[in-house]
1. Given the Cα-Cα distance of ARG68 and ALA450 and 0.36 nm per residue of separation, how much length would full extension add, in nm?
2. Calculate the spin-label point distance for ASP471 paired with LEU218, positioning each point 7 Å from the Cα along the beta-carbon direction, and give it in nanometres.
3. Can you tell me the length gained on complete extension of the stretch ALA51 to VAL300, counting 0.36 nm per residue apart and subtracting the Cα distance?
4. Go through 350-357, 397-404, 17-24, 43-50 and give me the packing order, highest mean Cβ count within 10 Å leading.
5. So, R0 is 35 Å and r is the distance between the beta-carbons of ALA348 and GLU381; what FRET efficiency does that work out to, to 0.05?
6. If you roll a 1.4 Å probe over the heavy atoms of the protein chains, what accessible area per residue do you get for the chain, in Å²?
7. For region 425-472, what relative contact order do you get, as a whole percent, if you take Cα pairs closer than 8 Å and at least 6 residues apart?
8. What part of the accessible area of the chain, given as a whole %, is carbon or sulfur when the probe is 1.4 angstrom?
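The values are calculated or read from the model by the stated rules, or taken from the named source; none is laboratory data. All values derive from a computational prediction rather than experimental measurement. Here the Cβ positions follow ideal geometry from the backbone for every residue, glycine too, while neighbour counts run over all protein chains shown. These area figures cover heavy atoms from the full protein model, side chains too; ligands, DNA and RNA do not enter into them. Shrake-Rupley method; radii C 1.70, N 1.55, O 1.52, S 1.80 Å.
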Amino acid sequence: MNEQVARDVVLVRAIETIDEKRDILSDDDRKYASRSAHELAQWQAAEHQSAVTADHFLQQRSEQIIKRLGERIPSFAVFVKRRDRLKAFPLALPLIGLLLGAGIDRISDPHRVDLLSAPLLAIVGWNLFVYVALLVWLLVPARKTGWASDSLMRRLATGRTALPRRLPQPLTAALAKYVVEWTTLSYPLTRARLSRTVHLSAAMFGLGALLSLYARGLLTQYIAGWESTFLNAAQVQSILSVVFAPARFVFQLPGFSVADIEALRFGPYRKPDTGALWVHLYAATLFLLVIAPRLVLAAVAHWQARRRARHFALDLEQPYFRNLGDKSLRGQPGVLRVLPYSFTVDEARHGSLTAVATALLGEEARLMLRPSASYGDEPPEVLGDAALEDPGSGTTAVLFNLAATPEKENHGAFIEYLVRRSARPLLVLIDESGLRERLGGAPDADGRIAERVALWREFCRFHGADATIVDLLQPDLKALA
């Protein structure tokens, strides 16, 4: 699905998830939206002579719900219309960069071409530093986009984040949840767009400086030279030889000796020079080291942004989508494969596991309960022919007893093996019913259970998985889903 459809789907999901009491959308509203979406999706697919897909269904359903809520709650309709990103930002920043670049070298004498121009050398040096930093980030990926703050990324992703007044409380909470979820889901897309804008602005900054050099040269007579308190002619010649090496190599511009540099030192006996060569050298250097690389990086970021916007990644295996009830969305019924570890599943807990599978994977989900692994068994021997690597084989869950003390050599090794082999994220279920029965009505029961829960959660995180605590004698299916 594309970006706009994904935005609407995430918004509707946030609303339906928060509105558990049906204060905003009744069951009839939701069923009507699903039925209408199914029919509209079939018509849409027929027009394109293709099969009905989840994208078709979700697009039509989200549009139906957003339209209905907009008619009922005018302030919500205003919020939906203003969700546009800061459209002027990608255009304004490059324009500002062009104007700033055009004026940057006017800090010095406008009639001089300073061989050691601090503004121009700073532009080149800063961009070289950025290229090195980008290479480091490429080799060692970072979670965040450099200097971009969370608030900036949220603003770029969702536009104005202030929620409208006079909204029902559940809808206010839903919109707040939508802002957080969409910011997280669209982070790669927003990062690509921000990178495109920044690289294009840097290119325009260098272009502004380049154009300014030639524009002033048409109307004024440049005088080229240099002066320094600490550098001599040989040192200046070495610095400029390195800086201008790419420009001289690509455009075959003439070189300069130490004597030439010495003759250009500002003073009473300096050699007169119109500065044309140095303008060409600086302009070619700006083009090769600033403008061209930044335009290439901007083009790459633009391609990434377009690709992510057209094919937005949304995980349709989540319980919300499974429970919508449309066959075109669900595909084959979900399978929850449960692997008990040193755990005996009785009839009551077996029934709860079936309910857990339904809550997680939809009404048609099936439970596949594997034989219990004994304490210390090797994972390959226990799993046998279980096709964990096949994404279509279902979701794998390992079941532990909260009463057990987690051990790295046994429980930890079992979890790590499953994490490595499973094509889908591993679900770790920790059943607290046995420990709760054992403690009974002890006064410190809740505290001891909380300590053991914290221990298991930390243990599972250390081994690459997240623990889900469940009471298989009294499961809270809504909270689990």
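1. Additional length available on full extension: 133.1 nm.
2. Those two pseudo-labels are separated by 8.1 nm.
3. Difference between extended and current length: 86.3 nm.
4. Sorting 350-357, 397-404, 17-24, 43-50 by mean packing, highest first, produces 397-404, 350-357, 17-24, 43-50.
5. The calculated FRET efficiency here is 0.75.
6. Per-residue value: 53 Å².
7. This gives 63 percent for region 425-472.
8. Summing carbon and sulfur atoms, their accessible area is 58 percent of the total for the chain.
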